[in-house]
Amino acid sequence: MKGDWEKLAEEWNGNDTGFVGEVDCTDEAAKPLCNENGVKGFPTLKYGDPTALDDYQGGRSYDDLAAFAKENLKPMCGLSNIDLCDDEKKAMIESLLAMSKDDLEK
């Protein structure tokens, strides 16, 4: 899979809407990032909003990865792209933004 992943990363290098990268979770400096994102085994593939990554469950061949990237690595509804959200999600985000830190921690 390593060669396929590196090929995909090279193809997406410099892309304005998506990023394909890797983190070495055996490196002590990277362990906090890996722990925050629930990485427990290797390789673990994640995608989505950098503040709320999802687990990738698809195939591991280059063709599978490339098709998934083309379909999914794009701006999505979220705090940084609220204009892409439907009315229901916008309302939810706006209500959360209006809450105090204390209320959010409850």
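The values are calculated or read from the model by the stated rules, or taken from the named source; none is laboratory data. Everything numeric here is computed off the predicted structure, so don't read it as measured data. Neighbour counts run over all protein chains shown; Cβ positions are idealised from the backbone, glycine included. Heavy atoms of the whole protein, side chains included, go into the accessibility calculation; ligands, DNA and RNA do not. Shrake-Rupley method; radii C 1.70, N 1.55, O 1.52, S 1.80 Å.
About its Cα centre, the dipole of region 4-106 is roughly 140 debye, where the only charges are +1 on Lys and Arg Cβ and -1 on Asp and Glu Cβ. Averaged per residue, the chain has 76 square angstrom of accessible surface, using a 1.4 angstrom probe with ligands and nucleic acids left out. Taking θ as phi - 60°, what are the ³J(HN,Hα) couplings along region 8-16 by the Karplus curve (6.51, -1.76, 1.60), each to the nearest whole Hz, with x for Gly and Pro? Here the 3J(HN,Hα) series is 5, 4, 5, 5, 8, 4, x, 5, 6 Hz.
Relative contact order, whole percent, for the chain stands at 22, derived from Cα pairs under 8 Å and 6 or more residues apart. Summarising the amide proton neighbourhood of LYS46: residues at separation of 5 or more, or on other chains, whose placed amide H is nearer than 5 Å comprise TYR56. Computed over the chain, the per-residue total of -39500 (n - 2.57) for DSSP H runs of n ≥ 4 gives a 222 nm mean residue ellipticity of -12000 deg cm²/dmol, rounded to 500.
Name the residue farthest towards the positive end of the dipole of region 14-106 from the options VAL20, LEU79, SER100, assuming +1 on Cβ of Lys and Arg, -1 on Cβ of Asp and Glu, about the Cα centre. The Cα lying farthest towards the positive end belongs to VAL20. Here the chain has 51 percent of its accessible surface on carbon and sulfur atoms, given a 1.4 Å probe and all protein chains in place. Under the combined filter of DSSP loop state and at most 14 neighbouring Cβ atoms within 10 Å, region 1-83 retains these trypsin sites (Lys or Arg not before Pro): LYS40, ARG60. Where [x] 1.06; [y] 1.40; [z] 1.27 are the candidate values, the label of the one calculated here for Cα Rg over 2.2 N^0.38 Å is [z]. Need the list of lysines near LYS70 for cross-linking: C-alpha distance under 27 angstrom, and skip anything on the same chain fewer than eight residues off. List returned: LYS2, LYS7, LYS40, LYS46, LYS89, LYS90. Based on the Cβ-Cβ distance of LYS101 and GLU6, what FRET efficiency does E = 1/(1 + (r/R0)^6) give at R0 = 30 Å, to the nearest 0.05? Computed FRET efficiency for LYS101 and GLU6 comes out at 0.10.
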